[in-house]
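The values are calculated or read from the model by the stated rules, or taken from the named source; none is laboratory data. Predicted model, so just to flag it, every value in this text is computed and none were measured. Cβ coordinates were reconstructed from backbone atoms using ideal geometry, including for glycine residues, and neighbour counts include every protein chain displayed.
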Amino acid sequence: MTATRRRAALAAIAVTAVMGTLMGAASARAQVAATPPMGWNSWNHFAAKIDDATVRAQADAMVKSGMRDAGYRYINIDDTWEGVRDAAGVIHPNAKFPDVKALADYVHAKGLKLGIYSSPGPKTCAGYEGSYGHEAQDARTYAGWGIDYLKYDLCGLAPSMLAAGSLDKAQDIQLAAYQKMDAALKATGRPMVYSLCQYGFFQPWRWAPLVGGNSWRTTGDIEDKFARMLQIGLSQAGLSKFAGPGHWNDPDMLEVGNGGMSPIEYRTHMSLWALLAAPLLAGNDLSTMTPDTTAILTNREIIAVDQDVAGMQGDRVKAEGGLEIWAKPLAGGAKAVGLFNLSDQPAYLEVSFADLGFAGPVKARDLWAGKDLGALAGYKVAVPAHGVVVLRVG
C-alpha cells in the first residue's frame, strides 16, 4: 500500500470511529472548545518547579487580575507532576501534588478548570511516568480527580518506538496512540479538552481532528524571544482552512510577561495569536504581573478577535519585507486586520479595505487604542518597530 493510500485508510478508520461516537447528539467534548481554549500553563515559566502551592497561587491570581472575567478558564499543570503506579497500575502524583482532587476542587471553586499532562509513551518529555498501556486507566483517574483538559505530549514514543520502520509506520503509531486516548477520555463521560502536542510532525492539522483533537501543536516549542515567536506565528500562514469550532491550530503557549520581549513585542505576540484563533494559554507567573502584562493579556477587544463565534482563523493578506497585513473574518461580516511592522525601524503601513472585500467606506476601530476611526475606505498608520496596529473593520 502506498503512503498516500495508507494515510487515506487511516483517516477513514479514524472518521468512522469518531463519527460513531458523535452520532445522535453533539459531542460534549467538542463543545468544550467551541472557541479556542483560554487559560494558563505551567511550563514556560515554572517548568519542573511547579507544585500544588504554585498552582493555587496562579488560580488566585487569575481571578484577582481580571483574567478569569476576561475569559481565561484553564489552569494547566504541565510535566513533572507524575509519581509512580501502584500494584494495580493506577497513577499517583508525586510529593509536589499531595492531593490532585483537592486541588481540582480548589480551582473549580474559583470558577476555573484544571488541566493535566501526560504522554502516549512509557515516559514523558521530562522522564516521568507516561500513559502507555494505561490509557483507559489514566483517563478514569483524571475524570475522578475532576480534570478538564489533557495535554498529551509525544515525547515518550520517540525515538525507540518511532525509529524502527518507515516514516509511514511512525505516523501509524502516532495516529493509533492519540486515538486510543481519545476513546479512553470519551469513555469516562467527562468533557475534557484534548490537546495534542506532537510539534507539527506529519501535518497534524490534516488528521488530528479525526483522532479527537480539540487542538494540536503545529510547531516546535516557542521561546521568549521575538525572532522565535515570529518564526512560529508566521509559519501558520496557509493553515486557516484546517481550524474551526472544536478544533484549533496551536502555535504553542504565550510568552507574554516572561521578560524576554518588550511590551510592544508582546502586543505583537498577543495580536498575532488572536488573529490566528490560537489557544490563549498564558505562560508567565500570574502572581507577579506588571500592569503592562495584565493590560495585554486582558484586552477584551483583542480577546474578542480570538474568541469570535464564527471560529475562523486569520491568514496573511500581504507581505513586503518586514511589513505584513493579516486578516481574520469575524461573525457578521466584519474583519480583524493586523498591520505588523516586523522590521527594526518605525514604518508606515497602509491597507485598502476594498482589497479585503469591502465596497465603499466602512466603520473602523483601533483595538489596542480603543478608538473609533470613523467610516473609511482604507487606513495608513505609523507603526513602531516590532509593533502592530489591530483594526476591526466593517
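Quick one: count up the residues across the range 134-152 that are farther than 18 Å from residue 101 by Cβ and either among the basic types (Lys, Arg) or modelled with pLDDT under 95 (or both).
Count: 1.
So in the range 290-308, with the set limited to residues that are in a loop (DSSP other than H, G, I, E, B) and of a type in the set (S, T, N, Q), which one is farthest from the chain's Cα centre (by Cα)?
290
So which of 311, 322 is within 19 Å of the chain's Cα centre (by Cα) and among the small types (Gly, Ala, Ser)?
Just one listed residue meets the conditions, 311.
Tell me whether the range 318-326 contains one or more residues that are under 23 Å from residue 218 (Cα atoms) and of a type in the set (Phe, Trp, Tyr).
Taking every residue of the range 318-326 in turn, at least one turns out to be under 23 Å from residue 218 (Cα atoms) and of a type in the set (Phe, Trp, Tyr).
Among the numbered conditions (1) in contact (Cβ under 8 Å) with a residue 40 or more places away in the chain; (2) in a helix (DSSP H, G or I); (3) surrounded by 21 or more Cβ atoms within 10 Å (Cβ to Cβ), tell me where residue 287 comes up short.
(3)
Since residue 368 meets every condition but one in (1) touching a residue at least 60 places away in the same chain (Cβ under 8 Å); (2) among the aromatic types (Phe, Trp, Tyr); (3) over 21 Å from residue 297 (Cα atoms), which condition does it not meet?
Looking at each condition in turn, residue 368 falls short on (3).
Just checking, which of 253, 261, 312, 270 is hydrophobic (A, V, I, L, M, F, W, C) and in contact with a Phe, Trp or Tyr (Cβ under 6 Å, 6 or more places away or on another chain)?
Exactly one of 253, 261, 312, 270 is hydrophobic (A, V, I, L, M, F, W, C) and in contact with a Phe, Trp or Tyr (Cβ under 6 Å, 6 or more places away or on another chain), namely 261.
Looking only at the range 159-198, count how many residues are over 23 Å from residue 133 (Cβ atoms) and modelled with pLDDT under 95.
The total comes to 3.
Of all residues in the range 340-362, count the ones that are within 20 Å of residue 306 (Cα to Cα) and assigned to a strand (DSSP E or B).
1
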